[in-house]
Amino acid sequence: QAKENGRDGCVLYSKEMDKQAEKHLLIRTELNHAIAREQLSLVYQPLIARDGSVASVEALLRWNHPHHGMISPAEFIPIAEGSGLILELGRWVLLEACRFIRTMEMQGIEPPMVSINVSARQFNQLEFAQKLLAVLKGQNVAPNKIELELTEYALLTDIAQVRHSMCLLREAGISIAVDDFGTGYSSLSYLKGLPLNRLKLDASFIRDMADGDASTAIVKSVIDMAHGLDLKFVAEGVEIQSQFEQLLDLQCDLFQGYLFHRPMNGEALKALLLTNCSKTKKEVSATS
Ligand code: C2E
Ligand code: MG
Ligand code: MG
Ligand code: MG
């Protein structure tokens with residue numbers, strides 16, 4: 001009997017492994033065609049300011065596979081990073097974000113700043129900053145409409161080179177955020193030497209926040225540190241009201257999470273911006 005179970009357990013385990021390997025292979029081969037076959041899209045998730053307004057939006061990549069449905073970027077981005085395809089995906093994301101900003105402008109909607117996730121491999125390619133600025137110029141998009149979200153991994157290489165690229169980008173008007181802060185292996189010392197705008201603390205710290213919990217102490221310390229360095233602090237993964245209230249108390253600057261909005265397609269975002277905008281206008285005319 002025990003032997004049977006053992007064998008069953010073994011079979012299940014290897015089936016699971018097979019499935020994973022199969023998915024990995026599928027992603028590696030099919031992702032190559034995803035751009036040409038128009039299977040990619042961007043969704044946008046608002047970042048909310050303390051007064052409840054939309055401060056900016058984060059662009060998040062989606063891959064809608066005709067047979068396998070939505071495949072998460074958490075699954076395919078690491079694979080794209082391994083194969084070098086990330087460079088092509090990154091270019092597509094930037095172009096698509098630019099097109100979206102231009103569309104809004106042409107429709108008379110004031111576009112918010114759009115944050116784009118940039119992988120370490122992308123950021124560390126030769127002349128990344130120059131190439132990015134050239135794309136913005138070609139697309140007629142103002143650099144102050146773009147923020148780059150970099151993880152600590154992008155900062156782990158040649159720090160002088162990283163600082164040089166960042167200075168070029170900042171001088172041109174682009175914003176820079178550190179994403180998933182607290183999950184990498186970098187030292188804190190890089191924070192004082194780099195021209196950053198925002199610090200996004202990883203959602204895991206927000207999730208674990210509860211009265212008396214050690215995570216609350218970490219969140220408080222990181223907020224104070226961010227402000228000491230003149231950075232705006234962003235909490236990601238805010239899902240419940242009590243987290244929001246705690247973060248408000250701790251002087252958190254910006255909030256992102258399902259409590260406010262899920263990532264949405266471009267049309268839904270435009271509708272949201274239009275109602276927000278007319279609400280503000282109504283409030284203004286009511287008080288004047
Ligand atoms: P990220 O940049 O840290 O993005 C935040 C992730 O958390 C997104 O997952 C978002 O949908 C999700 N999220 C937002 N609010 C909540 C919440 O309240 N609760 C929970 N449970 N999740 C929330 P998503 O879209 O699946 O993206 C996963 C990761 O994939 C991103 O993490 C980012 O590292 C990467 N990624 C996404 N798009 C791109 C891209 O265009 N380029 C690159 N290089 N990476 C990307
Ligand atoms: Mg991000
Ligand atoms: Mg993040
Ligand atoms: Mg994250």
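Specify the angular offset, from 0 to 90 degrees and rounded to the nearest 10, of the alpha carbon long axis of helix 266-287 from the longest principal axis of the alpha carbons in the chain. With rounding to tens, the tilt is 30 degrees. Around the amide H of Ser56, modelled in the peptide plane, lie the amide H atoms of Leu47, all under 5 Å away and 5 or more residues distant in sequence or on another chain.
Where both partners of a DSSP beta bridge lie in the chain, what percent of those bridges are antiparallel, to the nearest 5?
40
Each residue of the range 80-85 is assigned a 3J(HN,Hα), and the resulting list reads 5, 5, x, 9, x, 5 Hz, derived from the Karplus form 6.51 cos²θ - 1.76 cosθ + 1.60 (θ = phi - 60°), x at Gly and Pro. Label-to-label distance, Glu239 versus Ile218, with points set 7 angstrom from Cα along the beta-carbon direction: 1.6 nm.
Between Ala36, Ala160, Ala49, the residue with the greatest mean-square fluctuation in the GNM of the chain (Cα pairs under 10 Å linked by springs) is Ala36. Calculated [222 nm] ellipticity per residue, helices only, for the chain: -16500 deg cm²/dmol; basis is -39500 (n - 2.57) per DSSP H run with n ≥ 4, divided by all residues, nearest 500.
Between the helical axis of 86-106 and the longest alpha-carbon principal axis of the chain there is an angle of about 30 degrees. Its residues counted as N, the chain yields a C-alpha radius of gyration over 2.2 N^0.38 Å of 1.11. Karplus-derived 3J(HN,Hα) values for the range 117-126, using 6.51 cos²θ - 1.76 cosθ + 1.60 with θ = phi - 60°, are 7, 10, 7, 4, 4, 5, 5, 8, 6, 4 Hz; glycine and proline are entered as x. Among the listed pairs Lys19/Lys131; Lys145/Lys270; Lys192/Lys220; Lys145/Lys232, give every one whose C-alpha distance is greater than 27 Å. Long pairs (Cα-Cα over 27 Å): Lys19/Lys131.
For the range 219-234, backbone phi angles converted through the Karplus equation (6.51, -1.76, 1.60; θ = phi - 60°) give residue-by-residue couplings of 4, 4, 5, 5, 4, 4, 5, 4, 5, x, 8, 6, 10, 7, 9, 10 Hz, Gly and Pro being listed as x. Between the residues Leu25, Ala142, Phe128, the greatest Cα displacement towards the positive end of the dipole of the chain, with unit charges on the Cβ of Lys, Arg, Asp and Glu, is found for Ala142.
For the chain, the longest principal axis of the C-alpha atoms and the axis of helix 159-172 are separated by about 40°. Taking amide hydrogens as placed 1.01 Å from N in the peptide plane, the amide H of Leu250 sits under 5 Å from that of no residue at least 5 positions away in sequence or on another chain.
Taken together, the values in this text are just the output of simple stated rules run on the coordinates, not laboratory data. The shown structure was predicted, so the numbers you read here are calculated from the model rather than taken from an experiment. All Cβ positions, even for glycine, are placed from backbone atoms using ideal geometry, and neighbour counts span all protein chains on display.
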